[in-house]
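Notes for the one structure printed next.
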Amino acid sequence: MSNSTWRAPFIVIEGLDRSGKTTQTANLYSRLQDEGIQTSLHKFPDRTTAIGQMINAYLCSTSELDDRAVHLLFSANRWELASTIEKTVSARTPVICDRYAFSGIAFSAAKVHSGNGQPLLPFEWCRAPDVGLPAPDLVLFFDITPEQAKARGGYGDERYEKEEMQVRVREMYRRIGEEMGAGDAPGKTKWVVIDAGREREVVQEEVWNLVSPLVKRGIEGPLRRLWVE
Ligand code: DGP
């Protein structure tokens, strides 16, 4: 990263509950630190902000919120950090986010009416509030089957951690990934599906092999905006 048009990459780790995403993100972060690469790590939802606390109360079921209202809170929670992400990569510090706008679409668009099982919120409506957020250069999607998740001890107690919901979320992620395309063209977000059902060390190595060249080489050109041509 020698001249001024170069910046650090923005990398997002997405995935299903129980996919090992958070552990792998922590591993990646500490390996980068060990290699002397200072990195900025964020987790969405960021439960520390005022908006994040409302989201947390909703996820823990200590408060009830309209589905549209909570969707917009999740998005606002990302917009709170948008300019920080931009400034950080421009200052040549890589940014890694555990979840981002893709969770926003996948989890909200996966909600169905309890009576008839029909979708509650249209896919395009779910995407709209996140249009224009900083676009990541690389998304690693941690994929796991519901059977593998069950073998890992099943889901936790939070609101979305139910098998039927996770099956629908997985389908939404598949659709988002398809629409993003492989992203091999320069200047496009690259979407990579990681088979997270494998041994932890194997997944760790694959993640490292995808992330480290990008971090070491840097990216030429400014951050793009999500879903803005
Ligand atoms: P985590 O802290 O990674 O376990 O995420 C908490 C839960 O919130 C998880 O079930 C996924 C869900 N989630 C994360 N981001 C969003 C979002 O933007 N919208 C919705 N509806 N759910 C989200």
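Listed values, structure above:
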quantity	calculated
Subset of segment 25-69 [part of a helix (DSSP H, G or I), polar (S, T, N, Q) and away from the ligand (no atom under 12 Å from the Cβ)]	ASN27, SER30, GLN33, GLN53
Among residues of segment 133-153, those that are assigned to a loop (DSSP other than H, G, I, E, B) and open to solvent by less than 10 Å² (accessible area, probe 1.4 Å), counted	4
Residue that is farthest from TRP191 (Cα to Cα) [pool: residues in segment 93-121 that are open to solvent by 10 Å² or more (accessible area, probe 1.4 Å), assigned to a loop (DSSP other than H, G, I, E, B) and within 14 Å of the ligand (Cβ to nearest atom)]	LEU120
Members of segment 177-229 found to be small (Gly, Ala, Ser) and either closer than 28 Å to SER83 by Cα or out of contact with any strand residue (DSSP E or B) (no Cβ under 9 Å at 6 or more places or on another chain) (or both), listed by number	GLY177, GLY181, ALA182, GLY183, ALA185, GLY187, SER212, GLY218, GLY221
Which numbered condition GLY177 fails, given (1) at pLDDT 85 or above; (2) closer than 30 Å to THR62 by Cα; (3) in a helix (DSSP H, G or I)	(2)
Pair list, Cβ < 6 Å and 6+ apart or interchain, from segment 141-162 residues that are within 27 Å of GLU206 (Cα to Cα) to residues that are modelled with pLDDT under 85 and not acidic (Asp, Glu)	GLU161/TYR155
Per-region count, segment 70-92, residues closer than 30 Å to SER212 by Cα and either open to solvent by less than 20 Å² (accessible area, probe 1.4 Å) or in a loop (DSSP other than H, G, I, E, B) (or both)	8
Segment 8-56, subset over 25 Å from GLU161 (Cα atoms) and among the aromatic types (Phe, Trp, Tyr), residue most open to solvent (accessible area, probe 1.4 Å)	TYR29
Breaking point among (1) at pLDDT 95 or above; (2) within 11 Å of the ligand (Cβ to nearest atom), for VAL139	(2)
Tally, over segment 192-229, of residues that are more than 16 Å from THR25 (Cβ to Cβ), open to solvent by less than 80 Å² (accessible area, probe 1.4 Å) and touching a residue at least 40 places away in the same chain (Cβ under 8 Å)	10
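The values are calculated or read from the model by the stated rules, or taken from the named source; none is laboratory data. What you see is a predicted model, and the numbers here were worked out from it, not measured in a lab. Because the Cβ atoms are built from the backbone with ideal geometry, glycine has one as well, and the counts that use them run over all protein chains shown. Remember, those area values only see protein heavy atoms, side chains included, never the ligands or the DNA or RNA. Shrake-Rupley method; radii C 1.70, N 1.55, O 1.52, S 1.80 Å.
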